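**Student:** Mind having a look at this structure? Questions to follow.
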């Protein structure tokens, strides 16, 4: 079969077959970020997708998962796989005034809404933003300040301020390293790009 006819046949097959990434009715895609365009945009692009899974056993509890999705013809017909080097699972009960724990017990914390947001602000508790800031800071090798507030389109949005500081490196060199890591390497930067306002401040020697 000629390449052009084979491509057409695969495209028609992709339209007829259910997408391998579909989930149950209790799953909702929150958003996605394209990481690369495939086939001049004729097929799905490679992307990082954030989905919300409703816990079938615990009422009012949901998990948000970010994962890679392969685009192109192979991704559409379900013959491509997205290799993950590491995955984790966390469970939260009671929402923002509840309790969260990693499946392996490595992270266990009580949660409460800050007083600034009208919550109890209980001593010794965390917020989802604390956990997000810790992960982003560790991966970006920076100090991460995460803020939350109302957004123009309704609901709430996040903003992140990253500060990279190393007086042992010249300013120009540190700026180049930090900018490249933020643009090309950090998975948190990839996941938030285009939907979360992230600023980067660099302080070298």
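The values are calculated or read from the model by the stated rules, or taken from the named source; none is laboratory data. A quick note: this is a predicted structure, and the numbers were derived from the prediction, not measured. Cβ: placed from backbone, ideal geometry, glycine included. Neighbour counts: every protein chain shown.
**Student:** Which condition number does residue 123 fail, the rest of (1) surrounded by fewer than 15 Cβ atoms within 10 Å (Cβ to Cβ); (2) touching a residue at least 24 places away in the same chain (Cβ under 8 Å) being met?
**Tutor:** If we test residue 123 against (1) surrounded by fewer than 15 Cβ atoms within 10 Å (Cβ to Cβ); (2) touching a residue at least 24 places away in the same chain (Cβ under 8 Å), just (2) comes out false.
**Student:** List every residue pair whose Cβ atoms sit under 8 Å apart, with the two residues 6 or more apart in sequence or on different chains, where the first one lies in segment 183-194 and is free of Cβ contacts under 8 Å to residues at least 12 places away in the same chain and the second, anywhere, is assigned to a helix (DSSP H, G or I).
**Tutor:** 183/189
Here's the yes/no breakdown for (1) over 24 Å from residue 51 (Cβ atoms); (2) surrounded by 14 or more Cβ atoms within 10 Å (Cβ to Cβ); (3) outside the structural domain of residue 54 (by TED's automatic domain parsing); (4) at pLDDT 95 or above:
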position	(1), (2), (3), (4)
88	no, no, yes, no
108	yes, no, yes, no
138	no, no, yes, no
145	yes, yes, yes, yes
156	no, no, yes, no
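**Student:** Sticking with this structure for a sec: Restricting to segment 189-205, what's the tally of residues that are closer than 18 Å to residue 165 by Cβ and surrounded by 17 or more Cβ atoms within 10 Å (Cβ to Cβ)?
**Tutor:** Here the count works out to 5.
**Student:** Got a sec? Which helices (runs of 4 or more DSSP H) wholly within segment 117-205 have at least 1 residues that are within 14 Å of the chain's Cα centre (by Cα)?
**Tutor:** 128-140, 187-192
**Student:** Same structure again: Mind counting the residues in segment 160-182 that are out of contact with any helix residue (DSSP H, G or I) (no Cβ under 8 Å at 6 or more places or on another chain) and touching a residue at least 40 places away in the same chain (Cβ under 8 Å)?
**Tutor:** Residues flagged as out of contact with any helix residue (DSSP H, G or I) (no Cβ under 8 Å at 6 or more places or on another chain) and touching a residue at least 40 places away in the same chain (Cβ under 8 Å) within segment 160-182 amount to 2.
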